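All of the numbers you see were taken from the coordinates with simple rules; none came from a lab. All values derive from a computational prediction rather than experimental measurement. Note: ideal-geometry Cβ built from the backbone for every residue, glycine included; neighbour counts use all protein chains shown.
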């Protein structure tokens, strides 16, 4: 089966600009996760969707981050405005049953 | 917060078994232990998971102590390509779509020639 697709692979922006990341989960996977991984740390969960509804967004900095999952398939994570500390790899993962979790390759964001 | 504790780094000789320990003393009775690894510039890759019984697949073996407070991931014949950060994770949540993986800092395993 096809894996979790993410784009772009790399992105460089200036601080205060906006940026968006896209994720296409494995077909049929109802649960989708966005993680932020800062260099040298483990991934940190930002938001979790079940179909097109939010299950958990307690770790999402809502003053600048937003995410949506229209029609319960693709998802977009947006940062506006970006700060230097947002430089990280943004990972998307999906699951169909709460037992198997598949991760994408991530988007590496550099804020300068 | 992650419910696991792992050593920050370990070394292993190529061809030897790599034994990666993990403490999860606050694990609840229905919480699974998962292991993932992450090779530089890639997303985390699933290795194995278990609840209370020992598990084995084509990649590794997972040994969980009887009290479930710790576990060990065993790579039977480590190769240079096994050099990666290995994450031990306790899956938390109340069921179904509520489950989530909370990562700690992991163990950097370096396999030496």
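Where Rh is the Kirkwood radius over the Cα pairs of the stretch A:1-70, the temperature 25 °C and the viscosity 0.890 mPa s, what D in µm²/s does Stokes-Einstein return?
180 µm²/s
Using all C-alpha to C-alpha distances in chain B, build P(r) with 5 Å bins and read off the rounded percent in each one.
2, 12, 24, 25, 20, 10, 4, 1, 0
Only bridges whose two residues both fall in chain A count here: according to DSSP, what percent of them are antiparallel, nearest 5?
Roughly 90 percent of the DSSP beta bridges within chain A come out antiparallel.
Take every Cα-Cα distance within the protein assembly as shown, group them into 10 Å bins from 0 onward, and report for each bin the whole-number percent of pairs it holds.
Percent of Cα pairs in each bin: 8, 33, 35, 20, 5, 0.
First measure r as the distance between the Cβ atoms of residue A:54 and residue B:28, then evaluate 1/(1 + (r/R0)^6) with R0 = 25 Å and state the FRET efficiency to the nearest 0.05.
0.50
May I ask you to list the residues of the stretch A:12-26 whose amide nitrogen lies under 16 Å from a point 7 Å from Cα along the Cα→beta-carbon direction of residue A:73?
A:22-26
Tell me the relative contact order for chain B as a rounded percent, counting alpha carbon contacts under 8 Å between residues six or more apart.
Details: 279 pairs, mean separation 41.3, N = 113.
The value is 37 percent.
Could you give the nm distance between label points at residue A:84 and residue B:42, where each point is 7 Å from its Cα heading toward the beta carbon?
It is 3.3 nm.
Tell me, how many Å apart are the Cα centres for the stretch B:37-95 and for the stretch A:1-44?
23 Å
Given an 8 Å cut-off on Cα distances and at least 6 residues of separation, report the relative contact order of the stretch A:4-112 as a percent.
38 percent
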